[in-house]
Amino acid sequence: MSTTIDTRGLSCPQPVLMFLTAVKTDAQGPFSVLVDNDASLENVSRAARNRGFAVTTTDESDGATRIDISKS
Amino acid sequence: MKPGFNVFSTTTGIIATGLVFGVLAVLLQQTGNPGNMGICVVCFNRDIAGALGLHRAAIVQYLRPEIMGMVLGAFGAALAFGEFKPRGGSAPITRFLLGGIAGIGALVFLGCPWRVILRLAGGDAFALFGLAGLVCGVGIGTVFFRMGFSLGRSQVQSKISGLVLPGIMLSFVALYLLNPQVAGQPQNGVLFYSVKGPGAQHAPFILSIGVGLIVGFLAQRSRFCTMGALRDVLLFKQWHLALGFMAMLCAALLLNLYLGAFKPGFENQPIAQPDNLWNFLGMVTAGLAFALAGGCPGRQLFMAGEGDNDAAVFAVGLIVGTALAHNFGLASSPAGVGPHGMAATLAGLGVCICVGFFNCKRGA
């Protein structure tokens, strides 16, 4: 069961901070992060990859993107 | 959203962007812009305020095409890559206030973070105190972020709202072309021009707007941000944006060395003021304002080009703040800090700390 983090409407650094806060609680994940701007998509993905997570992205129907983050 | 590959947001991309910015900034300095001021977002917005008559400091009046280019370049990139997404409604009046305070603090130091880089690259030792202040201001901002600081979520806005600032910038281009500078004249039509001082020093229009467009395009794609560069290192040890910051510094420094324009020390530095305590504190205030607003003044212009209403409000606040800085004697000059610059710096810092504290989950 992945933890969902809704960052829609927020801009950096908050989406990355919310993801990193979740990692502190659950170091293994998985996590689903909802973002609605490309800068947040890139920043959260980069932060996850730098911490050894695998990242996949899926477009949502409302124009947002879901970033699925799990240990590879 | 198209989660496709964006080469500009890679490590190579952000470094290349920084290198290009450093070269272009020195190019503008070599072709007419003031010393160590190839690109200064705050100074140039201050000059725009002067050109429009919002302040009447005669030496800093020029409708800087770089700013128009930066917004329009980012707007074009956002349109081309499907990233033009009008949004807003995240504490707009607070962002206006932060923009004004940032402009005032930066004019006590005499430069935004972009000019900190260019002053360091020119050998200006006063800029070391500005850099230290910037790091401290952004550092205070990261404390608030750790405490849960947020100005709230933005919402999707109408397409037309995202066109407002790019539209204003396009109208500035038209104003410039309809009211061109007449040699030796302080005014043509509705625009004011400096006949001496920094406002009279500028690269040719085509070069200025061309560089602005390139900078806007590249910065929108790469997310280049001089405040974010420091914030991300302090907040989560992420060096990505810092590489762009350092690349810009390296490129400008090496080019200045090659051109013989690197003059290290405190003596005869162009458009610098000698009081280092207030060089430091001015940038503490500005740095905190940039951090709380989520981007350096350049990044605010680029986000406004993407349709971000809140960033546009910050940019307008910045223009108003720079006008007030000259109307009320807050801005520094090479002679020193303005008569009310110290009070404004401390008051601005106090307001920023209140904004930070009362927008924290653990605040209020």
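All of the numbers you see were taken from the coordinates with simple rules; none came from a lab. Please read all numbers here as calculations on a predicted model, not as lab measurements. So basically every Cβ, Gly included, is an ideal-geometry build from the backbone, and we count neighbours across all protein chains shown.
Some observations on this one:
- Ellipticity estimate at 222 nm from DSSP helix runs (n ≥ 4, -39,500 (n - 2.57)) divided over the protein assembly as shown, nearest 500: -19000 deg cm²/dmol
- With a 10 Å cut-off around each Cβ of A:12-21, the average count of Cβ atoms from other chains is 5.
- The fewest-to-most ranking of B:Glu66, A:Glu42, A:Glu60, B:Glu306 by surrounding Cβ atoms within 10 Å reads A:Glu60, A:Glu42, B:Glu306, B:Glu66.
- Ranking B:Leu19, B:Thr345, B:Phe358 by how far each Cα lies toward the positive end of the dipole of the protein assembly as shown (charges on Cβ) leaves B:Phe358 at the top.
- Counting only other chain Cβ atoms within 10 Å of each residue's Cβ, the peptide A:58-69 averages 1.
- Exposure proxy order (Cβ contacts within 10 Å, fewest to most) of B:Arg153, B:Arg221, A:Arg8: B:Arg153, A:Arg8, B:Arg221
- Over 19 Å between alpha carbons, listed pairs B:Lys85/B:Lys237; A:Lys24/A:Lys71; B:Lys85/B:Lys159: B:Lys85/B:Lys237
- Centre-to-centre, using Cα atoms only, region B:35-84 and region B:300-362 are separated by 16 Å.
- Computed FRET value (nearest 0.05) for B:Ala125 with B:Phe328, which takes r as the C-beta separation and R₀ as 35 Å: 0.75
- When region B:153-238 is described by a simple charge dipole with +1 on each Lys and Arg Cβ and -1 on each Asp and Glu Cβ, the residue from B:Tyr193, B:Leu230, B:Gln181 located farthest towards its positive end is B:Leu230.
- Label-zone membership for region A:22-41, site A:Met1, 7 angstrom Cα→C-beta point, backbone N under 15 Å: A:26, A:29-32
- DSSP finds beta bridges in region A:3-71, and of those with both partners inside it, around 75 percent are antiparallel.
- Helical segments meeting 20 Å axial Cα length and Kyte-Doolittle 1.0 threshold in chain B (DSSP H): B:11-30, B:65-80, B:92-109, B:126-146, B:164-178, B:205-222, B:240-259, B:276-293, B:309-327, B:341-358
- Global geometry of region B:246-308, whether rounded, prolate or oblate, following the gyration tensor of its Cα atoms and the 1.5 cut on a/c: oblate
- Once the Cα atoms are used to define both axes, helix A:38-50 deviates from the longest principal axis of chain A by about 10 degrees.
- Burial ranking of peptide ranges B:318-330, B:158-170, B:42-54 (average Cβ count within 10 Å, highest at the top): B:42-54, B:318-330, B:158-170
- Going from the residue with the fewest nearby Cβ atoms within 10 Å to the one with the most, B:Trp114, B:Trp239 rank B:Trp239, B:Trp114.
- Counting only other chain Cβ atoms within 10 Å of each residue's Cβ, the peptide B:303-312 averages 1.
- B:Val173/B:Ile214 FRET efficiency (R0 22 Å; Cβ-Cβ; nearest 0.05): 0.90
- Estimated inter-spin distance, B:Ala58 and B:Gln185, nm [label 7 Å along Cα→Cβ]: 1.7 nm
- Alpha-carbon centroids, region B:135-212 and region B:220-243: separation in whole Å: 22 Å
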